[in-house]
1. From 315, 387, grab the single residue that is under 30 Å from residue 482 (Cα atoms) and part of a helix (DSSP H, G or I).
2. Applying the selection to the range 520-551, what residues are within 16 Å of residue 481 (Cβ to Cβ) and of a type in the set (Asp, Glu)?
3. Return a yes/no flag: does the range 511-526 have any residue that is closer than 19 Å to residue 449 by Cα and of a type in the set (D, E, K, R).
4. Can you tell which of 173, 130 is modelled with pLDDT of 95 or more and over 37 Å from the mean Cα position of the chain (by Cα)?
5. Given the conditions (1) modelled with pLDDT of 90 or more; (2) farther than 17 Å from residue 536 by Cα; (3) under 23 Å from the mean Cα position of the chain (by Cα), report the number of the one that residue 406 does not fulfil.
6. With respect to residue 265, determine if the residue is assigned by TED's automatic domain parsing to the domain that holds residue 364, buried (at least 17 other Cβ atoms within 10 Å of the Cβ) and out of contact with any Cys (no Cβ under 9 Å at 6 or more places or on another chain).
7. Considering each of 333, 310, 292, 273 in turn, give the residue that is basic (Lys, Arg), under 27 Å from residue 49 (Cβ atoms) and surrounded by fewer than 18 Cβ atoms within 10 Å (Cβ to Cβ).
Amino acid sequence: MSFDGMFTHAMIQELNTQFQGGRIHKVQQPYDMELVLTIRANRKNHKLLISAHPNFGRLQVTEQVYNNPETPPNFTMVLRKYVEGNIIENIEQYDNDRIIIFHLIRRDELGDESKQQLVVEIMGRHSNIFLLDQDAKIIDAIKHVPMYQNTFRTILPGATYQLPPHQNQINPFKIGENFESDKSLMTPKFLQSQLMGLGKDSAVELAYLIEHSDLKPYQVIQNFTKGFDQPNPTMVQDGEKQAFFAFPYQSVAGEQTHFESLSVLLTTYYVEKSKHDYVRQVGNAIIQVVEKNLTHQHKRLDNLNQDLVKSSKADTFRLKGELLTTFLYQIEKGQNEVTLNNYYDNDEPITISLDPSLTPSQNMQKYYHKYNKLRAAIDHIEKQKLDAENEIQYLESVQTQIEMAEPNELADIRDELVEQGYIRKQKQDNKKRSKNDSAKPREFESSAGNRILVGRNNKQNDQLTMRTAHKDHYWFHTKDIPGSHVILETSNPTDEEIVEAAELAAAYSKYRHASNVPVDYTQVKHVKKPNGGKPGFVNYFEQKTVFVTPK
């Protein structure tokens, strides 16, 4: 189901149980439309994620580590000024809509008490977060909307907060006997039009329950709503389709997994779905740099290939020069052309153009000069082609790492691009980051109990392979495909371990969604770093190849 009004009802109860009376200790805004509040409650610190993301809007307790942006957004600074230190009096839902209101108690420097509200509207692309004073004036909002964009209400500091337009729907938690009793009308679409906060999945479930029950529709709805007061957080997997519910829905088929809380359920559901979007938010600048340079290098390579075709005439000029040298005695000054037997092609006649103003010897030298010029150009083009191909290979490896990265790993990739000259060094880059700021290699365990380490970026690949790994341990990498370096920490691997390490190498490569991926492996001592090679680039020898499907 979606994070509809029904699920919001259940989540509000969970959050009130955990945070009512708690103190807001810290405010973060790691992404454009998301807040993380650190709340001290029941003698423990907890992190509450409040997301107004158009696709992943929700509230939940989270254990994820978030990095603060280098410059805090204005909304963060406002919340730190007005909200840090506030007590959460309670959390409520407006009717059964996806509007959540945090009632806060604030004390000023003199100890005087005042009240504020943090209002969260989870409404797709119209989602927003507001901070209101005790007179319902907007102190600030995470997204400003001027009057010309929204004629119903102005969303700017100083304006009076207004609730979104009312839809004249019934709160299903307050349903009564006067609700429509004709079962033939109880389609999902009808139920959504009549009941507030009813998502598509909940409407389908209600229609199913009403159809298969002898009770009147309002009684079925009353029984249905009781399930949200005693939730049993459930994930349903049907093939590749995944859905979450406050409790199991009878109309939904698939394998069920139950969780200890709604927050844990949402963490499991959203962890992969939101990661790619977070990476694009945090790493948008470096993504654009990589894509721009890749486009440039591909265009450069195309131009070089065209130049190579033009320069392919070099051998023709050499041939003509040699023939003129051989038959120089047959040529006289003033001729426009001469036809000679090509002894390289069974004496087939070949006509050679001549400059009548030049002597036969000068015409011969002219063809050799053209040949030498084109030959030098070919050598230069070949070197430029190799350089462009290496650049493309490197940038594709960085692109692959960005696609697989966690948001907090992007700083290391950016540092690498700064060092390689793709990104201009900024003042903040002079601040040295601690080694602890960098993520460690991904770590797995083989079936035989040996560690398998997987590099997260090119610099870490170099560190892992060239400095950390034991020379007799085994190194894995996808064959001619951008990907991570993988180290299997044993000098005597089993066949099963080789396949396991190869599957990881394939899984952390550009071809991670393919099948039958070729992976080379050899001992670390056979892997060498060429002088001047870009990060992550190595040469290796005495390798074997295994074909695997990524896991």
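1. That would be 387, the only listed residue that is under 30 Å from residue 482 (Cα atoms) and part of a helix (DSSP H, G or I).
2. 520
3. So far as the range 511-526 goes, no, none of its residues is closer than 19 Å to residue 449 by Cα and of a type in the set (D, E, K, R).
4. Of 173, 130, the one residue that is modelled with pLDDT of 95 or more and over 37 Å from the mean Cα position of the chain (by Cα) is 173.
5. Here residue 406 clears every test but (1).
6. no
7. Working: 333 fails: under 27 Å from residue 49 (Cβ atoms); 310 fails: under 27 Å from residue 49 (Cβ atoms); 292 fails: under 27 Å from residue 49 (Cβ atoms).
Selected residue: 273, the only one of 333, 310, 292, 273 that is basic (Lys, Arg), under 27 Å from residue 49 (Cβ atoms) and surrounded by fewer than 18 Cβ atoms within 10 Å (Cβ to Cβ).
Quick grid of which residues meet (1) under 30 Å from the mean Cα position of the chain (by Cα); (2) more than 28 Å from residue 388 (Cβ to Cβ); (3) in contact (Cβ under 8 Å) with a residue 40 or more places away in the chain:
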| site | (1), (2), (3) |
| --- | --- |
| 451 | yes, yes, no |
| 456 | yes, no, yes |
| 472 | no, yes, yes |
| 479 | yes, no, yes |
| 485 | yes, no, yes |
| 496 | no, yes, yes |
| 510 | yes, no, yes |
| 527 | no, no, yes |
| 540 | no, no, yes |
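The values are calculated or read from the model by the stated rules, or taken from the named source; none is laboratory data. Quick caveat, the model's predicted, so the values are computed rather than measured. Ideal geometry is used to build each Cβ from the backbone, glycine not excepted, and the neighbour counts take in all protein chains shown.
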